[in-house]
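Where a number appears in this text, it was derived from the coordinates with a stated rule and is not lab data. Since the model is a prediction, treat every value here as computed from it, not as a measurement. As a convention, Cβ positions derive from the backbone with ideal geometry for all residues, glycine included, and neighbour counts pool all protein chains shown.
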Amino acid sequence: MPEIMTRILDKVNSPDDLKKLSVNELQPLADEMRELIIKKVNTTGGHFGPNLGMVEATIALHYVFNSPVDKIVFDVSHQCYPHKILTGRKEGFTNPDSYHKYTGYTAPEETDHDLFKVGHTSTSISLATGLAKGRDLLGGKENVIAIIGDGSLTGGEALEGLNNAAVLGSNIIIIVNDNDMSIAENQGGICNMLTELRENNGEVKNNFFKALGFEYHYIADGHNIENMIETFSKVKDTDHPVLIHMYTQKGKGFKPAETDKEPFHWILPNTLDHLNDEPQAQSESYESITKDYLLKKVNEGEPIVAINAATPGVFGWNKEFRTKMGSHYVDTGIAEQQAVAMASGIAKRGGKAVLGIMSSFVQRTYDQLSQDLALNNNPATLLVFWGGISNADATHLCTFDIPLISNIPNIVYLAPTCKEEYIRMLDWSVNQKEHSVAIRVPFAISYSGNEDKTDYSILNKYQMVEQGEKVAIVALGSFFDKGKEVKALLKEKLGINATLINPRFITGVDKEMLENLKSNHSVVITLEDGELDGGFGEKITRFYGNSSMKVLNYGSFKEFTDRTPMEELNEKYHLTPELITEDIKNII
């Protein structure tokens, strides 16, 4: 892709500079910004389609309003790149050496133009109601603007926010960016309502937003900057709640993303350089194993349902899979709470619910996991993907699911180490009737080579993989291979033949096995790919609390990291076999 020579953008380093441009310069500016976003995201990876669709609207927003005095709150931040370019951070898009300087989400530490660090969805309206209420209490006069997509509008908190914003009785402006897409296709009655409004140019008898109490405006072309400036100017400094419904095109300006929106929501680095390449044969993965298992159950006539909350790509649940599943597939929209409660209801009625969820989104389900599912002890299956320590942005860390899930009564949380265990656990969970079950699906696939015949109905029974002495290594799930590396290094460096244990169960301890270790072991170490506080290892430590056994727990600290390199995290958390071996040497 050729280097773009920006001209108009050279004059824009802040929203104040933008306001000095003529209206005729704004569309060429949008074209320049769009080319920068395409090049930058193709280099680094990131959210692609959502940002391309918000370029003109963001220009109009900053042309009319006075950020940071006026407060602009972005929902989920998937569409904040144009905002970053216009608010002093264009270096992160014009200079390849600075591509990683700024996070992909709104970040108050970067600028006063960002109000909140946001990466999860359906929150902007609720946050904006708080800003507006605080302003009113302190006698402020600024505009408060919440931006939310149609997909995010399916989340429960968005509706709670609308409910409260509508009766605020003062200035709050909600902009609904309707591009007829979530991450995948839109789902549900809210989206049907938006479709009716679009098809009738905003003129319908049963207008949901008007019924709530909003002054409603419809913008048919969310890429017409002049029209948006006119509408934004009309509602600026309003003294009552206003909702602007604008129609935009996700992926605007890049034809493949306009045509096939789902795969261009978020892209890997260099994706655009390989659009014409022949598709590569996909190797087996936990995603493909899960798809094959679910399709097999459907073909066998089982009353099984695959459920997800608007993120099918996380689990590889592509269009082909969804089509084959037919009525056995449900996308609840961006509504994890609904997904968990629905899974519980399906299980209660005798169906077999399998809910896929990304670890980072599990915290959005806490009350439903506790009350709707576990308290009722309904046998639904929760598959937790991407759990583990990573160099991710602070908004999408996946280290908290073990403390969260494993401390809710009645849930059995399992951690497979290989394909064979995963299939056995999945099959047991789907067919049993006694427990709510979660399975922490590893990233990289591995194989034991032996069929797993474990009876998982015997809860909290650990596997003694190799019997040794002095040191016992209890290595959970995806950290089992790390446990094997530690065992080998202890043998090499200290001459210790350590015991290696695969616990499989996250939610309980094998009291008999742990008690037996006391006879010929002085140190137990636990390894888990997640937060230590409230985690798996602390259960082991508590068991040995009144004994002479020394216990070392290895995992992540209770903290929000932000794009921290894995090498740095492994050093900080002592997660290398060498550092673990040194720790053992120092206390043995």
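Using a simple spin-label model with points 7 Å from Cα along the Cα→Cβ vector, what separation in nm is obtained for residue 20 and residue 112?
Result: 1.9 nm between the two label points.
Rounded to the nearest 20 Debye, what is the dipole magnitude of the chain about its Cα centre when Lys and Arg each give +1 and Asp and Glu each give -1 at the C-beta?
Numbers: 57 positive and 80 negative charges, 220 e Å.
The dipole of the chain has a size of about 1060 debye.
Using per-residue counts of other Cβ atoms within 10 Å, averaged over each peptide, order 290-303, 328-341, 402-415, 143-156 from highest down.
Numbers: 290-303: 15.6, 328-341: 24.0, 402-415: 21.9, 143-156: 26.6.
Ranking, from highest mean packing down: 143-156, 328-341, 402-415, 290-303.
Among bridges DSSP assigns within the stretch 8-251, what percent are antiparallel (round to 5)?
Rounded to the nearest five, the antiparallel share is 5 percent.
Peptides 200-209, 460-469: what's the order by average Cβ count within 10 Å, highest mean first?
Numbers: 200-209: 14.0, 460-469: 15.7.
With the highest mean Cβ count within 10 Å placed first, the list reads 460-469, 200-209.
Compute the FRET efficiency between residue 366 and residue 444 as 1/(1 + (r/R0)^6), taking r as their Cβ-Cβ distance and R0 = 30 Å, and round to the nearest 0.05.
Details: r = 28 Å, r/R0 = 0.94.
The pair residue 366/residue 444 has a calculated efficiency of 0.60.
Rounded, prolate or oblate, given the Cα gyration tensor of the stretch 463-587, with a/c below 1.5 counting as rounded?
oblate
In nm, to one decimal, how far is the modelled label at residue 394 from the one at residue 258, with both set 7 Å along Cα→Cβ?
3.8
Which residue, chosen from 289, 263, 167, occupies the Cα position most advanced towards the positive end of the dipole of the stretch 165-307, where the dipole is computed from +1 (Lys, Arg) and -1 (Asp, Glu) charges on Cβ about the Cα centre?
So the residue furthest toward the plus end is 167.
At a 10 angstrom cut-off on C-beta neighbours, averaged per residue, how do the peptides 372-384, 68-80 rank from highest to lowest? Let's see the in-between values first.
On the way: 372-384: 22.2, 68-80: 24.3.
Descending mean neighbour count gives 68-80, 372-384.
In degrees from 0 to 90, rounded to the nearest 10, what is the angle of the helix 189-199 Cα long axis to the longest principal axis of the chain?
Approximately 20 degrees, to the nearest 10.
Show me, bin by bin at 10 Å from 0, the whole-percent P(r) of the stretch 151-204 based on Cα pairs.
The percentages, shortest bin first, are 21, 49, 28, 2.
Using a simple spin-label model with points 7 Å from Cα along the Cα→Cβ vector, what separation in nm is obtained for residue 288 and residue 461?
A separation of 3.3 nm, rounded to one decimal place.
Classify the stretch 1-103 from the C-alpha gyration tensor, please: rounded if a/c falls under 1.5, else prolate or oblate depending on whether a/b exceeds b/c.
Numbers: a/c = 1.63, a/b = 1.23, b/c = 1.33.
Taking the square roots of the gyration eigenvalues as a ≥ b ≥ c, the stretch 1-103 is oblate.
Give the dimensionless ratio obtained when the Cα radius of gyration of the stretch 111-260 is divided by 2.2 N^0.38 Å. Don't jump to the answer; show the numbers that get you there.
Details: Rg = 15.3 Å, N = 150, 2.2 N^0.38 = 14.8 Å.
After normalising by residue count via 2.2 N^0.38 Å, the value is 1.04.
With the cut-off at 1.5 for a/c, could you classify the chain from its C-alpha gyration tensor as rounded, prolate or oblate?
On the way: a/c = 2.05, a/b = 1.72, b/c = 1.19.
It is prolate, given that a/c is not under 1.5 and a/b is the larger ratio.
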